[in-house]
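Here the structure comes first, spelled out in structure tokens, and everything after it is commentary.
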Amino acid sequence: MSRFRSRPRSTSNRLAAASLATVACVCVCATTADATATDAEPVVSRGVSIPAFYTPPRQLPSANGALIRHEPLPLGLSLPGLDGRPLPGTATRLMYKSTDSDGQAVAVTGAYIEPSAKWQGDGPRPLVAVASGTMGQGDQCAPSLALQHPLTVSGQTLSVGYDNLAIYRLLAGGAAVVVSDYVGLGTTDRLHTYVNRLDEGHAVLDAVRAARALPGTSLTSGSRVGLYGYSEGGGATASAAELQPTYAPDVHLAGTYAGAPPADLTAVMKGIDGSVLAAALGWAINGFVQAYPDMRDAAEANLNDAGRKALADTSTMCVGDALLGYGFSRSSAWTNSGKSVAEIIAADPRSQAILDKQRIGTLKPSGPVRVATGIKDDIVPHAQARQLAVDWCRKGGEVTYKAVDLPNLGDKILTNHLAPLITDQQAAISWLTDRLKGKPTTSNCSTIPFQR
């Protein structure tokens, strides 16, 4: 029996397949055996046709980061440059091989952008792997598709490529950028394993390898590598920095930015329950149900019909539809007992053990890291993000901690989470750019006890 659910070929079928009642009996969908997927039956997610490119072949390469296929990617926001080259650069859609949390081969999609701007630092052009913040769980929400379609609006879905701003800022500075869609976001053979630290850390590191393998770029073996991510992306880059020494020793990290990282999912679950982003609970449960049988058993035993419907519905949603469809929902309405999902997991040792294994901060990060967190953040709680910086400092990490102090902009409505992303972004990019230029940095671990 396969633990991977298939990707339905229409919205209604996919909703049915996402139901927990059928999780135990689904299998990997049949895809084309060739590397181009030209014969793949179109996948439609909430009225959006997913290009055949995103359907993985049956056979995958053995090496992590190996390119499976690539093709030109038209950027939705692009201008002609005076020298004939497009601004901010030329993009390529990627599919590459990675390894999931179960140690199995998995195809991941993404994008590489070769900037038109000249790199102003010493040495060859550097590479930044951008790990996107929360986009949703439907394939139409993939960050690489958001580069092509920065705003996707239909009668069934709403997706905004808000991380494109950071990507374009990095490109303007002359750094090349590779973006990972993560496991299952875009690729049509499985669901996105939302906030799974192993899946996401592996996908980010392998995106670097895939970019290096892409022909015709200006990258060299001496190109410095940086990681950039906020929210879900902050968790992904934080995980990647921890996993690099053992998973990708060939990927040397000049610097890692982890903004608002969801390092402790037990605390984050409590933060998003009842918030405008309550649908993220559905994305997390869907991903863990797909990856871990113990979580699947707990979900099937505790969720009521409303809960099963919510999981099925959220599995195809982007952030926009999720805010409109499940904003301020409470998970206690999804369970047989009326207890919250967090309470049920806390009472189930097997489920709690799964979340405990997702904890970021148990390993020393590779290279200098910058952790930023909004003091008033009530979606990805400030305290657990600050604790990540403390944990890394105790392990000897080279940590720059930044507490973003802003006024309360509204409880549980996402503003306290998004405001630090915007106000701290330029400082984060400047810090990372200095690392890419080889400039030294000084840890401020000694002052964290005096910072909020």
The stretch 358-384 residues that are of a type in the set (D, E, K, R), paired with ones that are assigned to a strand (DSSP E or B) and at pLDDT below 95 (beta carbon under 6 Å, 6 or more apart): none
Scan the stretch 159-206 for residues that are of a type in the set (Phe, Trp, Tyr), touching an Asp or Glu at 6+ places or on another chain (Cβ under 9 Å) and open to solvent by 10 Å² or more (accessible area, probe 1.4 Å) and report the count. 1
From the residues in the stretch 298-313 that are under 24 Å from the mean Cα position of the chain (by Cα) and among the hydrophobic types (A, V, I, L, M, F, W, C), which one is nearest to PHE328 (Cα to Cα)? ALA310
Sort out which residues of the stretch 228-271 are assigned to a helix (DSSP H, G or I), open to solvent by 10 Å² or more (accessible area, probe 1.4 Å) and among the small types (Gly, Ala, Ser), and write them in order of number. ALA267
How many residues does the stretch 381-435 hold that are within 16 Å of SER239 (Cα to Cα) and not small (Gly, Ala, Ser)? 11
Consider ALA299 against the criteria (1) closer than 30 Å to ALA428 by Cβ; (2) surrounded by 24 or more Cβ atoms within 10 Å (Cβ to Cβ); (3) in contact with a Phe, Trp or Tyr (Cβ under 9 Å, 6 or more places away or on another chain): it satisfies all of them except one. Which criterion is unmet? (1)
Residue that is modelled with the highest pLDDT, among those in the stretch 47-93 that are farther than 23 Å from ASP199 by Cα and of a type in the set (D, E, K, R): GLU71
Number of the condition not met by THR188 [criteria: (1) at positive phi; (2) in contact with a Pro (Cβ under 8 Å, 6 or more places away or on another chain)]: (1)
For the stretch 186-224, which positions are under 12 Å from the mean Cα position of the chain (by Cα), over 29 Å from SER430 (Cβ atoms) and of a type in the set (A, V, I, L, M)? LEU198
Among the residues of the stretch 312-322, is any at pLDDT 95 or above, of a type in the set (S, T, N, Q), open to solvent by less than 50 Å² (accessible area, probe 1.4 Å) and assigned to a helix (DSSP H, G or I)? yes
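Which ones in the stretch 103-127 are modelled with pLDDT under 95 and touching a helix residue (DSSP H, G or I) at 6+ places or on another chain (Cβ under 8 Å)?
Just the residues of the stretch 103-127 that are modelled with pLDDT under 95, to begin with: 120-123.
GLY121 - this is the single residue of the stretch 103-127 that is modelled with pLDDT under 95 and touching a helix residue (DSSP H, G or I) at 6+ places or on another chain (Cβ under 8 Å).
Which strands (runs of 3 or more DSSP E) sit wholly inside the stretch 48-119 and have at least 3 residues that are within 20 Å of GLY287 (Cα to Cα), open to solvent by less than 60 Å² (accessible area, probe 1.4 Å) and in contact (Cβ under 8 Å) with a residue 40 or more places away in the chain?
On the way: elements: 48-50, 67-73, 89-99, 105-115.
Where strands (runs of 3 or more DSSP E) fall fully within the stretch 48-119 and carry at least 3 residues being within 20 Å of GLY287 (Cα to Cα), open to solvent by less than 60 Å² (accessible area, probe 1.4 Å) and in contact (Cβ under 8 Å) with a residue 40 or more places away in the chain, they are 89-99, 105-115.
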Evaluate the following for GLY123: is it open to solvent by less than 10 Å² (accessible area, probe 1.4 Å) and either over 27 Å from VAL319 (Cα atoms) or in a loop (DSSP other than H, G, I, E, B) (or both)? no
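Tell me, please, whether a residue that is of a type in the set (D, E, K, R), part of a loop (DSSP other than H, G, I, E, B), farther than 29 Å from LEU277 by Cβ and open to solvent by 10 Å² or more (accessible area, probe 1.4 Å) can be found in the stretch 207-221. Break it down into steps so the answer makes sense when it comes.
First, the residues of the stretch 207-221 that are of a type in the set (D, E, K, R): 209, 212.
With part of a loop (DSSP other than H, G, I, E, B) added as a condition, the list becomes none.
No, because not a single residue in the stretch 207-221 is of a type in the set (D, E, K, R), part of a loop (DSSP other than H, G, I, E, B), farther than 29 Å from LEU277 by Cβ and open to solvent by 10 Å² or more (accessible area, probe 1.4 Å).
So is GLN148 touching a residue at least 40 places away in the same chain (Cβ under 8 Å) and touching a Ser or Thr at 6+ places or on another chain (Cβ under 9 Å) or not?
Working: touching a residue at least 40 places away in the same chain (Cβ under 8 Å): yes; touching a Ser or Thr at 6+ places or on another chain (Cβ under 9 Å): no.
So GLN148 does not fit the description; no.
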Taking only the stretch 256-288 into account, find how many residues are over 18 Å from the mean Cα position of the chain (by Cα) and of a type outside the set (S, T, N, Q). 6
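The values are calculated or read from the model by the stated rules, or taken from the named source; none is laboratory data. As the structure is a computational prediction, the values presented were derived from the model and not from experiment. FYI the Cβ positions are ideal-geometry reconstructions off the backbone, even for glycines, and counts take in every protein chain you see. Surface accessibility is based on the protein's heavy atoms, side chains included, excluding ligands, DNA and RNA. Shrake-Rupley method; radii C 1.70, N 1.55, O 1.52, S 1.80 Å.
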